[in-house]
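Scroll down for the structure; my scribbles are underneath it.
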Amino acid sequence: MHKQIFFSTLFLCLFLCGVNTFAQGTLFDVSLGHSRSDRYFGSAALHHAFGARFRAGVSVFSGEYRYRFIDARKVSDANVTIVEIPLTYCIYNQGKLRADLALKTGLRFMQAPETPEFLHEFKNSTALTLDPGLLVTVVFSKRFSLQSGVLLPVVYQLRPVVLEEQIQSGVLQLGGTWKINKQLTFFAKSPFGPSYGAGGDAEKFFWSASAGLRWNIGAKASNAHVLNP
């Protein structure tokens with residue numbers, strides 16, 4: 001099921017990317033990463049700029065958790081797929097400095113392996129993800145930029161029961177971009193910070209690191225430097 005969701009969403013991203021090949025302001029990202037909670041993960045995202053300030057898109061994340069919870073109980077080696085809508089809105093853009101309000105929200109689908117603990121119970125979990133924040137980008141040159149920001153990610157489990165699975169307050173995100181050529185940009189980012197949830201059993205500190213490539217299909221230079229949460 002998770003593979004079907006991942007490849008269906010990825011196909012949608014690629015299809016929309018092809019449709020928008022001749023439209024100005026489209027970005028397509030692919031990345032790989034690792035975190036304290038994930039053995040590995042991959043993501044793909046398509047963004048489109050609607051004017052000079054607003055950008056919206058769709059993203060899909062797929063990986064293998066090594067530390068997560070279903071009904072506030074720890075599970076390992078769970079497969080996960082997350083489908084989200086990332087949004088950014090520029091509130092300041094002067095010289096080399098740009099500030100964006102950011103929001104990423106969607107659904108996470110997780111399937112735990114069959115273990116004695118979950119043999120006769122729910123092994124699947126559906127959760128709502130909500131990731132608001134503020135991102136500040138400093139463009140040092142036409143090729144190089146650095147980014148810093150504060151995020152407030154929240155994960156609410158919706159199924160099997162509703163509960164606060166994970167709340168991260170004041171997560172700091174650091175990142176940067178390096179323009180390889182007119183259409184291709186390398187990017188890397190790393191959010192990290194305190195975390196709690198799952199009845200007090202969730203990890204107390206979160207970190208993640210990922211890197212990838214961005215295909216710029218006519219997007220303005222200042223917009224192409226801005227990373228998502």
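Read-outs: derived from the displayed coordinates by stated rules, not from any lab. No experiment lies behind these values; they were computed from the predicted model shown. When we count neighbours, we look across all protein chains shown, and the Cβ atoms used for this are built from the backbone with ideal geometry, even at glycine.
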- Task: Return the long-range amide H neighbours of I70 (sequence gap of 5 or more, or a different chain), with a cut-off of under 5 Å between placed amide H atoms.
- Result: V75
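What pairs in K96/K179; K74/K104; K96/K142; K142/K179 have C-alpha atoms more than 18 Å from each other?
Numbers: K96/K179 16 Å; K74/K104 25 Å; K96/K142 10 Å; K142/K179 8 Å.
Result: K74/K104 exceed 18 Å.
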- Message: Per residue of segment 27-35, what does 6.51 cos²θ - 1.76 cosθ + 1.60 with θ = phi - 60° give for ³J(HN,Hα)? Whole Hz please, x for Gly and Pro, Karplus curve as stated.
- Response: 10, 10, 10, 9, 8, 10, x, 8, 8
- Summed side-chain charge close to V138 - residues other than V138 whose Cβ falls under 10 Å, Lys, Arg +1, Asp, Glu -1: +2
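Among V136, V226, which comes first, then next, by fewest other beta-carbon atoms within 10 Å? Walk me through the numbers on the way to the answer.
Numbers: V136 15, V226 26.
By the 10 Å Cβ count, ascending: V136, V226.
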